[in-house]
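The values are calculated or read from the model by the stated rules, or taken from the named source; none is laboratory data. All of these numbers come straight from a predicted model, not from anything done at the bench. Heads up, the Cβs are rebuilt from the backbone with ideal geometry, glycines too, and the neighbour counts pull from every protein chain shown.
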Amino acid sequence: MSDATRENDVEDVVIIGSGPAGWTAAIYAARANLHPLCIVGVPKQNPAPVLPGGQLMLTTEVENYPGFPDGVTGPEMMMMFQKQAERFGTRVKGADVERCDFGERPMALHLSNGETVRTRSVIIATGATANWIGLDNELRLATNGGGVSACAVCDGALPVFRDKPLAVVGGGDTAMEEAAYLTKFASTVHIIHRRDSLRASKTMQDRVLSADNVQMHWNSTVVDVIGEDFITGLVLEDTVTGDRSELPVNGLFVAIGHAPATEFLKESGIAFDDSGYVSLPDGGSSATNLEGVFAAGDVADHVYRQAITAAGMGCRAAIDAERWLAGH
């Protein structure tokens, strides 16, 4: 950042978010001498904890990220990402962005602490949060690594779940994809759905329901999660009769959707796709429909939702922002 920029108190680039996408963008932007400011958010409950660092803050073991042959906890990984970003000069501000005026030049970001930050470019990396059933014990065990997860691809291959009875809640394509993945590791995959038919595509249904170790529980909802330190079972309620029963399982994967963290963007002029995620009109770029505004990670990706893909998108966004700034 030039001396003139510092005097005018205008940032070259502000990164909103602090997950793999945000910190990777910060690392690349900092190494490009853009002196990025990373606005990391503040802890909140919604209904599970939402923490600076994103969904990985609720993940005990990450075993599929390159460079960690023995695995690493999600919080440890995010701490290392932040430390690396700060090493190259990234500045960090603990606040939420409540409103964005992207039509102004420089752009204005209005923060929850009353500050207004002005910047030439923005990288949106606020991620997405999993939808939870909302049960007290579900959220407690999800938070402390007790065998409740919202991502089978992230966690399902962990040793603690292998050859164990596992449950998936949901009836859409995502739930079927999660269940199909778990069939490789679980003794039995119990799919719990509140209706008598699935919303998933016929192809996905056929693929999952034909597996030898899949058991369907139709017209059922989870009304309680059993277990102190680790899940041992579920209490199911029949949506037709109201009868309740216990199902012994050693893992619960909630697959009832995700919600992108975009509420602060609703009146900003940013375009969204049909699922409510930030739209990237040019599939090969991180550029949004607004000049100088870029997006990375799960806030713009409802397909992969992995730490490694989010980090790659963060890299792309920083390079795109650097090139855009150079041209303007």
Q.
Regarding the stretch 65-87, can at least one residue be identified that is under 22 Å from Arg323 (Cβ atoms), in the same structural domain as Val278 (by TED's automatic domain parsing), at pLDDT 95 or above and not small (Gly, Ala, Ser)?
A. no
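So which of Ser245, Ser285 ends up being of a type in the set (Ser, Thr, Tyr) and closer than 23 Å to Gly19 by Cα?
Sole residue among the options that is of a type in the set (Ser, Thr, Tyr) and closer than 23 Å to Gly19 by Cα: Ser285.
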Q: Tell me, please, whether a residue that is closer than 25 Å to Leu141 by Cα and in contact with a strand residue (DSSP E or B) (Cβ under 7 Å, 6 or more places away or on another chain) can be found in the stretch 201-209.
A: no
Q: Scan Ala271, Ala295 and give me the residue that is of a type in the set (A, V, I, L, M, F, W, C) and over 20 Å from Glu322 (Cα atoms).
A: Ala271
Q: Filter the stretch 180-213 down to residues that are aliphatic (A, V, I, L, M) and over 27 Å from the mean Cα position of the chain (by Cα), then give me how many there are.
A: 2
Q: Inspect the stretch 132-148 for any residue being over 24 Å from Pro47 (Cα atoms) and outside any loop (DSSP other than H, G, I, E, B) and give the result as yes or no.
A: no
Q: Could you tell me whether Thr309 is assigned by TED's automatic domain parsing to the domain that holds Ser121, more than 17 Å from Asn131 (Cβ to Cβ), out of contact with any strand residue (DSSP E or B) (no Cβ under 6 Å at 6 or more places or on another chain) and among the hydroxyl-bearing types (Ser, Thr, Tyr)?
A: yes
Q. So, of the residues in the stretch 245-275 that are more than 22 Å from Val122 (Cβ to Cβ) and without any contact (Cβ under 8 Å) to a residue 12 or more places away in the chain, which turns out to be nearest to the chain's Cα centre (by Cα)?
A. Asp274
Q: Specify the residue that is nearest to Ala318 (Cα to Cα); the eligible residues are those in the stretch 100-137 that are out of contact with any Ser or Thr (no Cβ under 9 Å at 6 or more places or on another chain) and hydroxyl-bearing (Ser, Thr, Tyr).
A: Ser121
Q: Tell me, yes or no, whether the stretch 118-129 has at least one residue that is of a type in the set (A, V, I, L, M, F, W, C), outside the structural domain of Ile39 (by TED's automatic domain parsing), out of contact with any Lys or Arg (no Cβ under 8 Å at 6 or more places or on another chain) and surrounded by 19 or more Cβ atoms within 10 Å (Cβ to Cβ).
A: no
Q. Hey, any hits in the stretch 160-183 for a residue that's without any contact (Cβ under 8 Å) to a residue 12 or more places away in the chain, more than 21 Å from Glu61 (Cα to Cα) and not in a strand (DSSP E or B)?
A. no
Q. Counting just the residues of the stretch 206-225 that are in a strand (DSSP E or B) and out of contact with any helix residue (DSSP H, G or I) (no Cβ under 9 Å at 6 or more places or on another chain), which one comes out surrounded by the most Cβ atoms within 10 Å (Cβ to Cβ)?
A. Ser220
Q | Qualifying residue in the stretch 188-200 (condition: under 19 Å from Val153 (Cβ atoms) and at pLDDT below 95) | A | yes
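Quick grid of which residues meet (1) under 20 Å from Ala261 (Cβ atoms); (2) modelled with pLDDT of 95 or more; (3) of a type in the set (Gly, Ala, Ser):
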residue: Gly94; (1), (2), (3): yes, yes, yes
residue: Glu98; (1), (2), (3): yes, yes, no
residue: Asp101; (1), (2), (3): yes, yes, no
residue: Glu104; (1), (2), (3): no, no, no
residue: Met107; (1), (2), (3): yes, yes, no
residue: His110; (1), (2), (3): yes, yes, no
residue: Asn113; (1), (2), (3): yes, yes, no
residue: Thr119; (1), (2), (3): yes, yes, no
residue: Ala125; (1), (2), (3): yes, yes, yes
Q. When Glu61 is evaluated against the numbered criteria (1) crowded, with 16+ Cβ neighbours inside 10 Å; (2) acidic (Asp, Glu); (3) modelled with pLDDT of 95 or more, which criterion, by number, is the only one it fails?
A. (3)
Q | Those residues of the stretch 90-138 which are under 24 Å from Pro49 (Cβ atoms) and of a type in the set (Gly, Ala, Ser), in sequence order | A | Gly94, Ala95, Ser112, Ala125, Gly127, Ala128, Ala130, Gly134
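Looking at Pro106, Pro165, which is the one that is outside the structural domain of Gly54 (by TED's automatic domain parsing) and either more than 18 Å from the chain's Cα centre (by Cα) or surrounded by 16 or more Cβ atoms within 10 Å (Cβ to Cβ) (or both)?
Just a single option satisfies the conditions, and that option is Pro165.
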Q.
Within the stretch 67-83, does at least one residue satisfy the condition of being in contact with a Pro (Cβ under 9 Å, 6 or more places away or on another chain) and surrounded by fewer than 18 Cβ atoms within 10 Å (Cβ to Cβ)?
A. no
